[in-house]
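The values are calculated or read from the model by the stated rules, or taken from the named source; none is laboratory data. Source: prediction; values computed, not measured. Reconstructed Cβ throughout: ideal geometry from the backbone, glycine too, with neighbour counts over all protein chains shown.
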């Protein structure tokens, strides 16, 4: 295994354990640590990972913190769709998805990864927020957190990554975003400065989400709030199953199905021709599922 793959592995395992420990301490919800192994395209040992799963908790209805460190050959046809024709690939990454039970607490996703295909290597990742009830103070906090993190390295990073996030987490057939965005990047060169940036982003994530979660996960909510949350989770399912690159990458590289699909919400509600009542907080929230300048 290449030394950079191992370097990223060391970072992601620390990040995952820190996140799970802090969430468990705050909520009292337990998580299951599930270690797994995989085979590469030709049936040879191909690394593995750890899925830390939150399931049916009092405050975290469903969620997972996945770390994976994989190696070996992938399908040669899929390899051609990446950075070159080499089918040997190594990757180390951490991905998180949290679906809180309380509609006031937003769903959150993050992913930070290093990939090496032959001699080509790159970083990818990001973080985005999917709220269900209006709370513009928290939306602004989320975006400004990432802007400040990125400005420490380059003032051009946040505008580019924010725009890419708005474009990536967009559901074309719905003509709306799945949430209020965040940051997203892919195929970033592996330089010393970018190593520092990726580590800063990955280790900083918990300080971005925890204040938002802590201020919302015990708020009182109505049946209507819960219904709207479940309805909007349907958009999450649509995006993850149709467009999400991580889902596609996992399936195309012989990933572990249970870990890949752990990103899906445990409860979802579909309703034909749903229209929120004008003037309601749900109608206001619908307007926020379009690109906004939250860090302005």
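Tabulated results
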item	result
Enumeration of residues in the stretch 18-42 that are crowded, with 18+ Cβ neighbours inside 10 Å and part of a strand (DSSP E or B)	31, 38
Candidates 213, 184, 205, 217, filtered to the one that is part of a strand (DSSP E or B) and surrounded by 14 or more Cβ atoms within 10 Å (Cβ to Cβ)	184
Test: residue 281 is touching a strand residue (DSSP E or B) at 6+ places or on another chain (Cβ under 8 Å) and touching a residue at least 60 places away in the same chain (Cβ under 8 Å)	no
Selection within the stretch 253-278 - more than 15 Å from the chain's Cα centre (by Cα), within 27 Å of residue 76 (Cβ to Cβ) and at pLDDT 80 or above	256, 257, 258
Selection count where residues are over 15 Å from residue 91 (Cα atoms) and surrounded by 17 or more Cβ atoms within 10 Å (Cβ to Cβ), scope the stretch 249-259	1
